[in-house]
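Enquirer: Take this structure first; my questions come after.
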Amino acid sequence: MPYVDIVTALALLQFIVFAFQVGGARAKYGVKAPAVGGHEIFERHFRVQQNTLEQLIVFIPGIYLFSRYYNPLWAAGLGVVYLIGRQIYAVTYVRDPAKRSAGFGLTFLPTVILLIGGLIGAALHLAGH
Amino acid sequence: MPYVDIVTALALLQFIVFAFQVGGARAKYGVKAPAVGGHEIFERHFRVQQNTLEQLIVFIPGIYLFSRYYNPLWAAGLGVVYLIGRQIYAVTYVRDPAKRSAGFGLTFLPTVILLIGGLIGAALHLAGH
Amino acid sequence: MPYVDIVTALALLQFIVFAFQVGGARAKYGVKAPAVGGHEIFERHFRVQQNTLEQLIVFIPGIYLFSRYYNPLWAAGLGVVYLIGRQIYAVTYVRDPAKRSAGFGLTFLPTVILLIGGLIGAALHLAGH
């Protein structure tokens, strides 16, 4: 399943880029560690990174579970939707947090399909199908 | 190991439910993104979600490590204890953070057994047992 | 790949130790849950744990991706560098957050090599090499 591995690695590289943007905002707006607040734009970058972490903890097991029971190419395709959705999420959140819903949905939906698909696949496998 | 896959997927769905409860508390108590503080009950929900994230980063590799070297059914059984413990943790934490210890222990104990069991299994495997 | 499993388990045990140090600092400096701020030294411990979580979400998939396409012993060796770097990071961050860069680099560099190595390995595999 090299396609799934590639999409997973790209999702993690995207997360690293978000982390660098937090570091950049930390320097630009003078938010000194260990503080993670005190400047609105810094906090937006920080929340993008944190929310992406929360997505990844589901997305990564999800994409491998799904690809264990179904065609890994479908898993990789859903992963590409995740990547695009997450990029939209990051850009719109930093611009205006109130407009983060579309990007969030485009990340969350493929993640949930991967997870629930994997769950159903495992259950059907147990049931002998 | 479809049993392990099912327990893992359920643990991730439980995490998603906690995340939705954070979103619900955000709306109910008027905590606008990117803020993650400002209302005590919101903060409790948020800490439940964050602590669950911290548990999952250990639990998920742990359950697969353990099931690589021992009977996957035992791994899945420990995972069920985790699921129940985490549910108790979430309910008691939101009610009164001072009473979160029992639920925390019931989550942490199976997680540590999975992890240390997996570590010992890998070491014994190397040693040729 | 028991060597990779052992390094992964050690990285997770290290994370658990950091989490206990947060709990200890919470008690010592009187920071009551759900608060995660209010005392500088507590906040340093807390940030060490949170940053380690952010590293692990990349490190763990990274080490397995790398070991799928290259020699797992190299992956385990890079993992040992990560373990040492993270220990330096934790100690220096708590002493003085401004001096966290060396330890951070020693964690981040092996993680990025594992991830990008895994990505290249998967891409070469697809290309038939």
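The values are calculated or read from the model by the stated rules, or taken from the named source; none is laboratory data. All values derive from a computational prediction rather than experimental measurement. In this analysis, Cβ positions are derived from the backbone assuming ideal geometry, glycine residues included, and neighbour counts consider all displayed protein chains.
Enquirer: Could you run through the range A:100-120 and say how many residues are closer than 19 Å to B:ILE60 by Cβ, facing chain B (nearest Cβ under 8 Å) and either small (Gly, Ala, Ser) or buried (at least 20 other Cβ atoms within 10 Å of the Cβ) (or both)?
Expert: Final tally of qualifying residues: 3.
Enquirer: Next question. Can C:ARG44 be described as of a type in the set (Lys, Arg) and more than 24 Å from B:PRO110 (Cβ to Cβ)? First the steps, then the outcome.
Expert: Numbers: of a type in the set (Lys, Arg): yes; more than 24 Å from B:PRO110 (Cβ to Cβ): yes.
Yes, satisfied.
Enquirer: Here are some conditions: (1) in contact with a Ser or Thr (Cβ under 9 Å, 6 or more places away or on another chain); (2) at pLDDT below 95; (3) buried (at least 20 other Cβ atoms within 10 Å of the Cβ). C:GLY79 meets all but one. Which one does it not meet?
Expert: For C:GLY79, the exception is condition (2).
Enquirer: Still on this structure, please answer the following. Looking at (1) without any contact (Cβ under 8 Å) to a residue 40 or more places away in the chain; (2) under 23 Å from C:GLU43 (Cα atoms); (3) not aromatic (Phe, Trp, Tyr), which is the one condition that is false for C:ARG86?
Expert: (1)
Enquirer: Kindly indicate the residue of the range C:23-38 that is touching a His at 6+ places or on another chain (Cβ under 6 Å) and crowded, with 18+ Cβ neighbours inside 10 Å and also nearest to B:LEU119 (Cα to Cα) among those meeting that condition. Lay out the reasoning, then the answer.
Expert: Going through the range C:23-38, the residues touching a His at 6+ places or on another chain (Cβ under 6 Å) turn out to be C:25, C:29, C:31.
Of the ones still in play, those that are also crowded, with 18+ Cβ neighbours inside 10 Å are C:25, C:31.
On the way: C:ALA25: 28, C:VAL31: 33 Å.
The selected residue is C:ALA25.
Enquirer: Next question. Would you confirm whether or not the range C:84-100 contains a residue that is among the hydrophobic types (A, V, I, L, M, F, W, C) and either on the phi > 0 side of the Ramachandran plot or at pLDDT below 95 (or both)? It would help to see each step written out before you state the result.
Expert: Step one: filter the range C:84-100 for residues among the hydrophobic types (A, V, I, L, M, F, W, C), giving C:84, C:88, C:90-91, C:94, C:98.
Filter once more, keeping what is either on the phi > 0 side of the Ramachandran plot or at pLDDT below 95 (or both): C:98.
The answer is yes; a qualifying residue exists.
Enquirer: Only one of these is out of contact with any strand residue (DSSP E or B) (no Cβ under 6 Å at 6 or more places or on another chain), charged (D, E, K, R) and touching a residue at least 24 places away in the same chain (Cβ under 8 Å): A:ARG47, A:ARG100, A:ARG95. Name it.
Expert: Numbers: A:ARG100 fails: touching a residue at least 24 places away in the same chain (Cβ under 8 Å); A:ARG95 fails: touching a residue at least 24 places away in the same chain (Cβ under 8 Å).
Residue meeting the stated conditions: A:ARG47.
Enquirer: Kindly indicate which of C:HIS45, C:HIS125 is within 30 Å of B:ARG100 (Cα to Cα), part of a helix (DSSP H, G or I) and within 12 Å of chain A (Cβ to nearest Cβ). First the steps, then the outcome.
Expert: Details: C:HIS125 fails: within 30 Å of B:ARG100 (Cα to Cα).
Going through C:HIS45, C:HIS125 in turn, the sole match is C:HIS45.
Enquirer: Just to be sure before I move on: is C:PHE20 assigned to a helix (DSSP H, G or I), within 13 Å of chain B (Cβ to nearest Cβ), surrounded by fewer than 16 Cβ atoms within 10 Å (Cβ to Cβ) and within 19 Å of the chain's Cα centre (by Cα) in the structure I sent? Even if it seems obvious, please write down each step before you answer.
Expert: Working: assigned to a helix (DSSP H, G or I): yes; within 13 Å of chain B (Cβ to nearest Cβ): yes; surrounded by fewer than 16 Cβ atoms within 10 Å (Cβ to Cβ): yes; within 19 Å of the chain's Cα centre (by Cα): yes.
Spelling it out, C:PHE20 is indeed assigned to a helix (DSSP H, G or I), within 13 Å of chain B (Cβ to nearest Cβ), surrounded by fewer than 16 Cβ atoms within 10 Å (Cβ to Cβ) and within 19 Å of the chain's Cα centre (by Cα).
Enquirer: When you go through C:VAL31, C:VAL81, C:VAL94 one by one, which is the residue that is away from chain B (no Cβ under 14 Å), under 30 Å from B:HIS39 (Cα atoms) and among the aliphatic types (A, V, I, L, M)?
Expert: Values: C:VAL31 fails: away from chain B (no Cβ under 14 Å); C:VAL81 fails: under 30 Å from B:HIS39 (Cα atoms).
Matching residue, one of C:VAL31, C:VAL81, C:VAL94: C:VAL94.
Enquirer: If C:PHE59 meets every condition in (1) at the interface with chain A (Cβ under 10 Å from one of its Cβ atoms); (2) more than 11 Å from the chain's Cα centre (by Cα); (3) not β-branched (Val, Ile, Thr) apart from one, which number is that one?
Expert: Against the list (1) at the interface with chain A (Cβ under 10 Å from one of its Cβ atoms); (2) more than 11 Å from the chain's Cα centre (by Cα); (3) not β-branched (Val, Ile, Thr), C:PHE59 comes up short only on (2).
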